[in-house]
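S.K.: Below is a structure I'd like to ask you about.
The values are calculated or read from the model by the stated rules, or taken from the named source; none is laboratory data. Just so we're clear, the structure is a prediction, and the values are computed from it rather than from any experiment. As a convention, Cβ positions derive from the backbone with ideal geometry for all residues, glycine included, and neighbour counts pool all protein chains shown. When the accessible area is computed, the model is the full protein with side chains, heavy atoms only, and any ligands, DNA or RNA have been set aside. Shrake-Rupley method; radii C 1.70, N 1.55, O 1.52, S 1.80 Å.
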Amino acid sequence: MDRLVFTSNATIKEQATVRQVLVNDLVNVSTVGFKSSYDVALKSVKVDGPGFDSRFQAQTISRDLIRMTPGAVMATGRPLDIAMADAALLTVQAPNGDLAFTRRGDLRVNIQGQLEIGSGHLVQGDGGPITIPPGLMVTITPDGSVFARDPAQEGQAADVLIDRLRLRDATNVSLSRREDGLFKVTDKPNGTDIEVTEVLPRVIPQALEGSNVSAIEAMTRLIDQSRSFETQIKIIKESKTLDESGSSMMKPA
């Protein structure tokens, strides 16, 4: 009975990692630019100790690799909103100062006059964080150029180039999620930049990309996980009942 209980208990433990990924996806089903993660992988781990010579245990591995499937693009008409086209990424500054990447495009100007995304991370341009002079109207072109003009200027106000968004193409790049929710290059130190390629990253102005999480699929898988958990608990309880029955049969009359 010990092997049966051991297997069921291990199954419950390992499925917890999968449930964490599913719950995180469901929580962010309406988050702008959110990307779901690939399913966890399994590896075999040999169990050491007396009586375990031929026993191997399956162990789940979660590296939170990003699934770059595009989400639905929604037109907003807001000048500071952008949606990343194809495999484009926006470079931002992480809380610890590292360079990181995101697909979130709900830009805004903070009280210091710096351009940031909705989660508060500073947007990086070719010259570092982008600063918008006060009182100017901002427009962003498909190539990531940030223009501003003075609405109080008489006549036809000229657009002035402020900076250019630091965009990167992640077509052939494996990405993983940082602890702060931003993206980084897999198996590389935090802050590692993505090499510039011949592909020119583009954005869609006045639009936002929604999450690529399918709420129905995630809920279905979560329900399946719950039923599997209940099954393993029943197996453990039944093993206890069988063990007690066997012990009572061995008692002397």
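S.K.: When only the heavy atoms of the protein chains count and the probe is 1.4 Å, how do ILE223, ILE132 rank by accessible area, highest first? List each step's numbers first, then the result.
M.R.: Numbers: ILE223 80, ILE132 10 Å².
Largest to smallest exposure gives the sequence ILE223, ILE132.
S.K.: Let me ask something else. Of VAL173, ALA88, GLY77, which is farthest along the charge dipole of region 65-182 in the positive direction, counting Lys and Arg as +1 and Asp and Glu as -1 at C-beta?
M.R.: It is VAL173.
S.K.: Okay, moving on. Report, by chain and number, residues whose modeled amide H sits under 5 Å from the one on GLN124, excluding near sequence neighbours (fewer than 5 apart, same chain).
M.R.: Amide H to amide H, under 5 Å and 5 or more residues apart or across chains, GLN124 pairs with THR91, VAL92, GLN93, ARG166.
S.K.: Okay, next question. Quick check: residue separation of VAL109 and ALA215 times 0.36 nm, minus the Cα distance between them. What number comes out in nm? Mind showing how you got there, number by number?
M.R.: Details: separation 106, 0.36 × 106 = 38.16 nm, distance 3.16 nm.
Length gained, VAL109 through ALA215: 35.0 nm.
S.K.: For a quick check of understanding: with a 1.4 angstrom probe and all protein chains in place, what accessible area in square angstrom does ARG178 have, to the nearest ten?
M.R.: About 30 Å², ignoring ligands and nucleic acids.
S.K.: Using protein chains only and a probe of 1.4 angstrom, how many square angstrom of LYS13 are accessible, to the nearest 10?
M.R.: 150
S.K.: Follow-up. Simple spin-label model, 7 Å along Cα-to-Cβ: THR192 to SER145 in nm?
M.R.: A separation of 3.4 nm, rounded to one decimal place.
S.K.: Taking all protein chains as present, what is the carbon and sulfur share of the accessible area of region 107-191, in % to the nearest whole number, probe 1.4 Å? Please report the intermediate quantities before stating the final value.
M.R.: Values: 2140 of 4440 Å².
Percent of accessible area from carbon and sulfur atoms in region 107-191: 48.
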